[in-house]
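Below is one structure, written out as structure tokens, with a few remarks after it.
The values are calculated or read from the model by the stated rules, or taken from the named source; none is laboratory data. All values derive from a computational prediction rather than experimental measurement. A quick note on method: Cβ atoms are made from the backbone with ideal geometry, for glycine too, and the neighbour counts reach across all protein chains shown. When the accessible area is computed, the model is the full protein with side chains, heavy atoms only, and any ligands, DNA or RNA have been set aside. Shrake-Rupley method; radii C 1.70, N 1.55, O 1.52, S 1.80 Å.
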Protein chains: 2
Amino acid sequence: MHKKQISKAVINRLPRYYRYLGDLLEKDVVRISSKELSDKMKVTASQIRQDLNNFGGFGQQGYGYNVEYLHTEIGKILGLDKKYNIIIIGAGNLGQALANYVDFERRGFYVKAIFDINPRLVGLSIRGIEIKNIDELKEYITMNQVDIAALTVPKAKAPQLAADLAKWGIKGIWNFAPTDLHLAEDIIVENVHLAESLMKLSYKLSEKNKANDK
Amino acid sequence: MHKKQISKAVINRLPRYYRYLGDLLEKDVVRISSKELSDKMKVTASQIRQDLNNFGGFGQQGYGYNVEYLHTEIGKILGLDKKYNIIIIGAGNLGQALANYVDFERRGFYVKAIFDINPRLVGLSIRGIEIKNIDELKEYITMNQVDIAALTVPKAKAPQLAADLAKWGIKGIWNFAPTDLHLAEDIIVENVHLAESLMKLSYKLSEKNKANDK
DNA sequence: TAGATTGTTAATCGATTAACAATC
DNA sequence: TAGATTGTTAATCGATTAACAATC
């Protein structure tokens, strides 16, 4: 059976749908039409229906979509019905911020350990999660089920570390280092490049300035 | 004169070009062809040439591109030749992580103040930058030139705060709150939705699992 | 039933890739 | 000059939007 590949553009929009549906759910909204949702989200109703129908018919003619049901189904598509064990590598400010972000657990992402190279940080705890020495990383991954490693280490350290993580059996890397990790393609990498995000903001600001100067 | 609008896809790629060129520059690489760069970046040479030619002819036939020149020119396109004053609103973990991220200054982004509602944080300093009471926000913005506000506050507070910031004359918002800010269109918003990034990773992981189960 | 809204096909639009003449 | 590589046009591909029959 030939399953049509879902386009990347669609996947990128799914978390946003999920967020809006979660917000509606909190407001006890029971049903919503693609038109109503399109008004809220500033996208076309057609796009919403096309996107959802990549995964199945979640709506009902003449009625629209049941908010709770659609929220749950998109959650399943995103894999949020599963639990993931995360380790954070790099206990700097960003690593600590991630470790403190309790909301992740609500979505099934559990931070199990933090690793750092700095002996002054090793032994400390964040939210009850111990900072371990990075020397113990290999053994930890081998002995525990770890699904995701969040990489908040300096750029220079990231590629080698990522290669090691892949070798030791990590499945996914949430990469915050400002570099691309070129790994075997069965290792999933999701990048968060803050500097690039800020540059986009900078671009848009200077575009606006140019427009105003005219 | 009719200036062709640059597509969003192109803008999104510019910071990545800038990063690769910066890396080449550090390695003292003088020239690079679109073909060589395409091999490194895993994109087509054709796309690189198309992207760059939206902004002008930066290369030379038979030679390629001068790395330093191209780096500088893309920097100008991105507005990195200008200086920006940033304030951070929300001195939680993420706000503190941003305040500590020295590298931003290298690119012309200067963190001038941090604001928080929590009286226990007010008065503390991060890298010599004082945490002020959020009550002083309006006056600060009015009295100082502030270009960008990084918003690292809880979701519930973000929309009202963003509306206030817009009213008080902020030009750009770097939004880390997991919500969309619907503001007048002359206010530039750049979102960093960490939870959505993690969901994409989750999706890709569960896709891989499904493929393996077959 | 009549009205509303989906699911889905077809049309349009835009982005990417290929190809090659221009030119360094 | 000959070889290399750009800048740019044309062809292809994919994503978005429009339209409407199906159906609740």
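Sorted from shortest to longest, the distances between the residue A:57 label points of this copy and the other copies are 5.7 nm, with each point 7 Å from Cα along the line through the beta carbon. Summary for residue A:76: label point 7 Å along Cα→Cβ; distances to the equivalent points in the other copies, ascending, 5.6 nm. Solvent-accessible area lost on pairing A with B (1.4 Å probe, both sides summed) amounts to about 5500 Å². Considering only DSSP beta bridges whose two residues both sit in the range A:84-196, what percent are antiparallel, to the nearest 5? Restricted to the range A:84-196, the bridges split so that about 10 percent are antiparallel. Relative to the dominant Cα principal axis of chain A, helix A:158-167 is inclined by about 90°. For chain A, the antiparallel share of DSSP beta bridges with both residues in that region comes to about 20%. Taking every DSSP beta bridge that has both ends in the protein assembly as shown, the antiparallel portion is near 20%. Between residue A:124 and residue A:160, the FRET efficiency from the beta-carbon distance, with R0 = 25 Å, is close to 0.50. Counting Cβ atoms of other protein chains within 10 Å of each residue's Cβ and taking the mean over peptide B:203-211 gives 6.
The local environment of residue B:109, defined by Cβ-Cβ distances under 15 Å, has a net charge of +3 under the rule Lys, Arg +1 and Asp, Glu -1.
Summing +1 for each Lys or Arg and -1 for each Asp or Glu among the other residues whose beta-carbon sits under 10 angstrom from that of residue A:122 gives -2. The order of B:17, B:63, B:69 by accessible area, most exposed first and with a 1.4 Å probe, is B:69, B:63, B:17. Using a cut-off of 26 Å between Cα atoms, the listed pairs A:8/B:208; B:40/B:171; A:40/B:155; A:42/A:76; A:155/A:210 include B:40/B:171; A:155/A:210 as exceeding that distance. The rotation axis taking chain A to chain B passes closest to this chain A residue's Cβ, listed with the gap in Å: A:97, 2.
Its residues counted as N, the range B:1-130 yields a C-alpha radius of gyration over 2.2 N^0.38 Å of 1.37. Seen from a random direction on average, the alpha-carbon convex hull of the range B:138-194 projects onto 3.5 square nanometres.
In the range A:1-41, the residues whose accessible area drops by at least 50 square angstrom when the other protein chains are added to the isolated chain are A:11, A:15, A:19; the probe is 1.4 Å and only protein heavy atoms count.
Over the protein assembly as shown, the hull volume per residue, using the convex hull of the C-alpha atoms, is 180 Å³. Using the empirical formula 2.2 N^0.38 Å as the baseline, the Cα radius of gyration of the range B:8-77 reaches a ratio of 0.98. For chain B, the mean residue ellipticity at 222 nm estimated from helices alone is -13500 deg cm²/dmol, where every DSSP H run of n ≥ 4 contributes -39500 (n - 2.57) and the total is divided by all residues, rounded to the nearest 500.
Under 5 Å between amide hydrogens, built in the peptide plane, is the criterion, and for residue A:111 it picks out A:86 among residues at least 5 positions away or on other chains. Each other residue within a Cβ distance under 14 Å of residue A:132 adds +1 if Lys or Arg and -1 if Asp or Glu, for a net charge of -2. Working from Cα positions, state the angle (0 to 90°, nearest 10) between the long axis of helix A:8-26 and the longest principal axis of chain A. Helix A:8-26 sits roughly 80 degrees off the main axis of chain A. Remark: spin-label model distance residue B:58-residue A:43 equals 3.1 nm, labels positioned 7 Å along the Cα→Cβ axis. The value of relative contact order for the range A:84-196, using C-alpha pairs under 8 Å at least six residues apart, is 24 percent.
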